[in-house]
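S.K.: Handing you a structure now.
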Amino acid sequence: MKAYYKGEVADVWEIGKDKPQPDWVKEAFQKNYISWLDEHVRILMTGLNPSLSANLKIGATGTAGGGFAGYGMYVLGYPGDYLDRTNHQVVSSKRFQRDYEIVQIK
């Protein structure tokens, strides 16, 4: 789904095994950027909507050999949380309700 965050449109997914998955979420599961571990998901943020500036901002810069160096590249999300691909973050339902506004499709 799309939602406004700080006046900008963001791609978001409500985390849940039974929640609708946009194409970018399905692709991320296929590429193992997102994977279920018991009752939560592990997310490789650098694989989602990769951009050099965003990855530099979160500190995932990579190495000359093509791997990723650094910590904090994986984020855990729990059912009911929201994954914001555009801003590389997982937010709680409470924070999502407070800070985001779902884009209404006409």
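S.K.: Can you tell me which residues in the stretch 80-106 are part of a loop (DSSP other than H, G, I, E, B) and small (G, A, S)?
M.R.: Within the stretch 80-106, G80, S92 meet the criteria.
S.K.: Related question: Tell me, yes or no, whether the stretch 16-24 has at least one residue that is within 22 Å of Y100 (Cα to Cα) and not in a loop (DSSP other than H, G, I, E, B).
M.R.: Checked against the condition, which is being within 22 Å of Y100 (Cα to Cα) and not in a loop (DSSP other than H, G, I, E, B), the stretch 16-24 yields at least one hit.
S.K.: Within the bounds of the stretch 48-65, is there any residue that is modelled with pLDDT of 90 or more, over 26 Å from Q104 (Cβ atoms) and part of a loop (DSSP other than H, G, I, E, B)? Lay out the reasoning, then the answer.
M.R.: Taking the stretch 48-65 first, the residues modelled with pLDDT of 90 or more are none.
Looking through the stretch 48-65, none of the residues is modelled with pLDDT of 90 or more, over 26 Å from Q104 (Cβ atoms) and part of a loop (DSSP other than H, G, I, E, B).
S.K.: Applying the selection to the stretch 72-106, what residues are of a type in the set (D, E) and under 14 Å from V25 (Cβ atoms)?
M.R.: Going through the stretch 72-106, the residues of a type in the set (D, E) turn out to be 81, 84, 99, 101.
D81, D84 - these are the residues of the stretch 72-106 that are of a type in the set (D, E) and under 14 Å from V25 (Cβ atoms).
S.K.: I'm trying to understand the selection: among the residues of the stretch 29-47, which are at pLDDT 95 or above and part of a helix (DSSP H, G or I)?
M.R.: Once the filter is applied, which keeps residues that are at pLDDT 95 or above and part of a helix (DSSP H, G or I), the stretch 29-47 yields F29, Q30.
The values are calculated or read from the model by the stated rules, or taken from the named source; none is laboratory data. Note that the coordinates shown come from a computational prediction; the quantities given were computed from them, not determined experimentally. Quick reminder, even Gly has a Cβ in these numbers, built from the backbone with ideal geometry, and neighbours come from all protein chains shown.
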